[in-house]
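Just below is one structure, and these are the notes that go with it.
The values are calculated or read from the model by the stated rules, or taken from the named source; none is laboratory data. Treat the numbers as computed from the prediction; the structure is a model and nothing was measured. No Cβ is skipped: glycine too gets one built from the backbone with ideal geometry, and neighbour counts run over all protein chains shown. To get the accessible areas, we keep the full protein, side chains included, count just its heavy atoms, and leave off ligands, DNA and RNA. Shrake-Rupley method; radii C 1.70, N 1.55, O 1.52, S 1.80 Å.
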Amino acid sequence: MSLARMFCRLNGYLQPISKARAPLVSGFIRTQIEVRHWLHTVPQSTSCHWQLQEDSLKLSYGGLVMHFAYVWLRDHCHSASCFNSKTNQRNLDTANVELNIRPANTRVDDENIFLTWPDGHVTRYNLSWLAQNSYEGQNQSAMQPHIIWNSDIYTSAKVPSANWDKFMSCDDELKKFLGRFLLYGIAFVEGVPPTVEATETLTQRVSLIRETMYGKMWNFTSDFSRGDTAYTKLALDRHTDTSYFQEPCGIQVFHCLRHEGTGGRTLLVDGFYSADKVLQNTPENFELLAQVPIKHEYIENVSDHHNHMIGIGPVLNVYPWNNEVYMIRYNNYDRAVINTIPHDIVKRWYVAHRELTTELRKPENELWIKLKPGKVFFIDNWRVLHGRESFTGLRQLCGCYLTRDDFLNTARSLGLHA
């Protein structure tokens, strides 16, 4: 059975990947920012050419050729009767729009195009708005621009940490912190009192805490109080957390409250950087990792804790309209029995997975840091893999997961693109 046949439902939407149409992995930050900047700054004097086709409007504006289905245009009317500008919600009942609708009249001025519908209703579309929201525009831009990195790139960037006092009192400091996090997938706050309470207060400045079966705030040592290798002194290979959730936790927070021993450095690897390497070297392996669903599983029967979690999804998650990677689900500890792939695809998947693993394990891609009391570390669990070296002595960590939606909501509220 071919991969294309196996995923025939997906293949109608997820186009085969080639170097001619490469996914917008985070490495293309310069191009992505330029395109998005262009979309938001289309000159008002830009000439507009349009043509009514059988079922769509062809529009050329700002160097972009776009096509808009008539039913889409009617559905996206923002007139007072069709759209509530106070709530930013649609009033129009889409189910009542004629699927074969076609405008009766069209006119254009310097900034807008006006369509008159068969019932006499007139819709005005701002040309820049159409460019920003066209499929063609979205296809060329990133949902979230990133700077992908290896150890040298991140170290050379000299990314500053936020200061606890300013972070808690100044929105500008918070905004700078969030901006760094969105670009790199990691960010730090220093000068935090080494307590669980202060750490919780810090996180709530950013987002809501996502409570899981591990609780709201964790405060743990290597006492194996839970059925997880993280609760030991053993080394941990690079991984993302909660791969066994249907929606893995988006943001993770760590704070080392004390360590009376040696070792225990934290390992960080930018998963998007490694994914980009696979894409550039072997696009067909990238495609396989983006399309084949894999199960991850967590079974716990320790003391009073009894949990059985299963999450299913591909190793690389991409937006289908531009093939931009938005999440990596990689955890060799928790990967379950592979029974979602036909036998003639299995080895190909292992080859693709091995290539990604090789990239993730290259020493030049490893960033090692030492957590210490007062330094709180935020990590994008959908992007940056973490691990640790083994350690000795008493080591106490606290932390939590944050709800990704609320984290991004805070960033958008401060004017950031997220």
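Give me, ordered by chain and number, the residues 5 or more places off MET66 or on other chains with an amide H under 5 Å from its own placed amide H.
For MET66, the qualifying residues are LEU59, SER60, TYR61.
Could you tell me how many degrees, from 0 to 90 and to the nearest 10, lie between the Cα long axis of helix 271-281 and the main elongation axis, the longest principal axis, of the Cα atoms of the chain?
60 degrees
Report the gain in length on full extension from THR340 to THR232: 0.36 nm times residue separation, minus Cα-Cα distance, nm rounded to one decimal. All intermediate terms of the calculation are to be shown ahead of the outcome.
Details: separation 108, 0.36 × 108 = 38.88 nm, distance 3.16 nm.
Taking 0.36 nm per residue and subtracting the Cα distance, the gain is 35.7 nm.
Under the √(5λ) rule applied to the eigenvalues of the Cα gyration tensor, what semi-axes describe the equivalent ellipsoid of segment 80-154? Give them in Å, descending. Working shown, then result.
Values: eigenvalues 263, 53, 32 Å².
Square roots of five times the eigenvalues give 36, 16, 13 Å.
Applying the Karplus parametrisation 6.51 cos²θ - 1.76 cosθ + 1.60 with θ = phi - 60° to the phi angles of segment 382-389, what ³J(HN,Hα) value in whole Hz is obtained for each residue in order, glycine and proline being reported as x?
Whole-Hz 3J(HN,Hα) from phi for segment 382-389: 8, 9, 9, 7, 10, x, 7, 8.
If you take the alpha carbon radius of gyration of segment 201-303 and divide it by 2.2 N^0.38 Å, what ratio comes out, to two decimals? Present the calculation step by step, with values, prior to reporting the outcome.
Values: Rg = 16.9 Å, N = 103, 2.2 N^0.38 = 12.8 Å.
After normalising by residue count via 2.2 N^0.38 Å, the value is 1.32.
Find out how many positive minus negative residues lie around LEU92, taking Lys and Arg as positive, Asp and Glu as negative, among other residues whose Cβ is under 10 Å from that of LEU92.
Numbers: positive: ARG74, ARG90; negative: ASP75, ASP93.
Neighbourhood net charge equals 0.
Given Cα pairs under 8 Å that are at least 6 residues apart, what percent is the relative contact order of segment 308-368?
About 17 percent, as a whole number.
First compute the accessible area of segment 151-413 with a 1.4 Å probe, then give the percent of it belonging to carbon and sulfur atoms. Provide the component values of the computation, followed by the final result.
Numbers: 5350 of 10670 Å².
Result for segment 151-413: 50 percent of the exposed heavy-atom area is carbon or sulfur.
Quick check on packing: order 127-135, 154-162 by the mean number of other C-beta atoms within 10 Å, highest mean leading. It would help to have the intermediate numbers written out before the result.
Numbers: 127-135: 18.4, 154-162: 14.1.
Going from most to least packed, we get 127-135, 154-162.
Using θ = phi - 60° and the Karplus form 6.51 cos²θ - 1.76 cosθ + 1.60, what ³J(HN,Hα) does each residue of segment 259-265 get, whole Hz, x for Gly and Pro?
8, 10, x, 10, x, x, 4
Please list, in order along segment 235-247, the HN-Hα scalar couplings obtained from phi with the Karplus expression 6.51 cos²θ - 1.76 cosθ + 1.60 (θ = phi - 60°), rounded to whole Hz, x for Gly and Pro.
Computed from phi, the couplings for segment 235-247 are 5, 10, 6, 4, 6, 9, 7, 6, 5, 8, 8, 4, 10 Hz.
In straight Cα distance, which aspartates and glutamates are under 17 Å from LYS347, not counting same-chain residues fewer than 8 positions off?
Cα-Cα hits under 17 Å: GLU284, GLU287, GLU355.
For the Cα atoms of the chain, what angle does the longest principal axis make with the long axis of helix 404-413, in degrees from 0 to 90, nearest 10?
60 degrees
Mind checking which of LEU367, LEU394, LEU288 has the largest fluctuation in a GNM of the chain, springs on alpha carbons under 10 Å?
With Cα springs under 10 Å in the chain, the top fluctuation among LEU367, LEU394, LEU288 is at LEU394.
Run the numbers for SER390 and TRP129: contour at 0.36 nm per residue of separation, minus the present Cα-Cα distance, in nm. If you can, show how the numbers build up before the last one.
On the way: separation 261, 0.36 × 261 = 93.96 nm, distance 5.34 nm.
Taking 0.36 nm per residue and subtracting the Cα distance, the gain is 88.6 nm.
One-quarter of the Cα convex hull surface for the chain, in nm²?
Numbers: hull surface 94.8 nm².
Averaged projected hull area, Cα only: 23.7 nm².
Add +1 for every Lys or Arg and -1 for every Asp or Glu among the other residues with Cβ under 10 Å from the Cβ of ARG102, and state the total. Numbers along the way, then the final one.
Values: positive: ARG74; negative: GLU54, ASP55, GLU98.
Net of charged neighbours comes to -2.
Specify, per residue and in Å³, the volume enclosed by the convex hull of the alpha carbon atoms belonging to segment 364-418.
In segment 364-418, the Cα hull volume divided by residue count equals 131 Å³.
So what's the back-of-envelope 222 nm ellipticity for the chain, counting only DSSP H runs of four-plus at -39500 (n - 2.57) apiece and dividing by all residues, rounded to 500?
Numbers: 14 runs with 122 residues, N = 418.
Taken over the chain, the calculation gives -8000 deg cm²/dmol.
For a quick check: with amide H placed at 1.01 Å from N, whose amide H comes under 5 Å from LEU257's, ignoring anything fewer than 5 positions away on the same chain?
The answer is GLN396, LEU397, CYS398.
Can you list the lysines whose alpha carbon sits under 18 Å from that of LYS277, skipping same-chain ones fewer than 8 residues off?
LYS19, LYS362
Can you give the net charge of the other residues whose Cβ lies under 15 Å from the Cβ of CYS77, counting K and R as +1 and D and E as -1? Walk me through the numbers before you get to the answer.
Values: positive: ARG74, ARG90, ARG102, ARG124; negative: ASP75, ASP93, GLU98, ASP119.
Here the count lands on 0.
Between CYS170 and ALA104, what is the FRET efficiency for a Förster distance of 41 Å, r being their Cβ-Cβ separation, to the nearest 0.05?
On the way: r = 55 Å, r/R0 = 1.34.
With a Förster radius of 41 Å, E is 0.15.
By average Cβ neighbour count within 10 Å, what is the ranking of 89-97, 400-408 from highest down?
Details: 89-97: 10.9, 400-408: 19.7.
Per-residue mean Cβ counts within 10 Å order the peptides as 400-408, 89-97.
Can you give me the three principal axis dimensions of segment 31-140 from its C-alpha atoms, in Å, biggest first?
Taking max minus min along each principal axis of the Cα atoms, segment 31-140 gives 40, 32, 24 Å.
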